[in-house]
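Have a look at the structure below, then the notes.
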Amino acid sequence: MSRWTLMLSQFDLKYVPLKVFKGRAVADFLAENPIKETEVIGTWSFSDENVVHIENDIWDLYFDGASNYMRYRVGILLISPTGEHVPVSIKLGCNVTNNAVEYEACLLGLRSALDLGVKKLLVHGDSSLVINQLGGSWKIKSQILAPYQTRIEELENYFEDIRYVHLPREEHQFVDALSKLKNYEGRRT
């Protein structure tokens, strides 16, 4: 500020810092200085004036698969536009690879969404392989995974809009926990 003041002093100009205008001062100024010509230039029309409410009808699907020596499980979480949660945990009856379990989880999640009548879906997963292959960024090379992608592409035709989003594992903990649930059988004592 002092440098500007020094530079402006050679031109006989004085720097005065701008003060904050109060709303009342602006209103008083406009009242004291009305615009003389008050002709209407056009009519106001809004293209969406008949729209009363726009509803967000996009559901969120979170999926995760877990495979280890003894079990293969998937966890699915569907979240409605109104915030209702539908958690699902399923034990698979077959032995598959880690990537195949992820595809199974996505496939079962899409089927669950269709069963609920979902038309627009945002699919979240922590498997970069599955998300990038389904999103079209990567090509599928594995003969084991190709049938999964084909079946998922068939299901995609039933949705109006479907998009895939990769999530880091830290943001995917709830579905990860669903995929690792154990079935405990009660013991008689």
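The values are calculated or read from the model by the stated rules, or taken from the named source; none is laboratory data. All figures in this text were calculated on a predicted structure; none of them were measured in a lab. Reconstructed Cβ throughout: ideal geometry from the backbone, glycine too, with neighbour counts over all protein chains shown.
Here are a few things to note about the model shown:
- For the range 144-163, taking the residues that are among the charged types (D, E, K, R) and assigned to a helix (DSSP H, G or I), the one that is nearest to C94 (Cα to Cα) is identified as R151.
- Residue that is farthest from R163 (Cα to Cα), among those in the range 111-125 that are in a helix (DSSP H, G or I) and not basic (K, R): D115
- For the range 132-155, the criterion of a residue being closer than 12 Å to L61 by Cβ, of a type in the set (K, R), at pLDDT 90 or above and over 15 Å from the mean Cα position of the chain (by Cα) is satisfied by no position.
- Just one residue in the set Y72, Y103 is touching a helix residue (DSSP H, G or I) at 6+ places or on another chain (Cβ under 9 Å), without any contact (Cβ under 8 Å) to a residue 40 or more places away in the chain and surrounded by 21 or more Cβ atoms within 10 Å (Cβ to Cβ); that residue is Y72.
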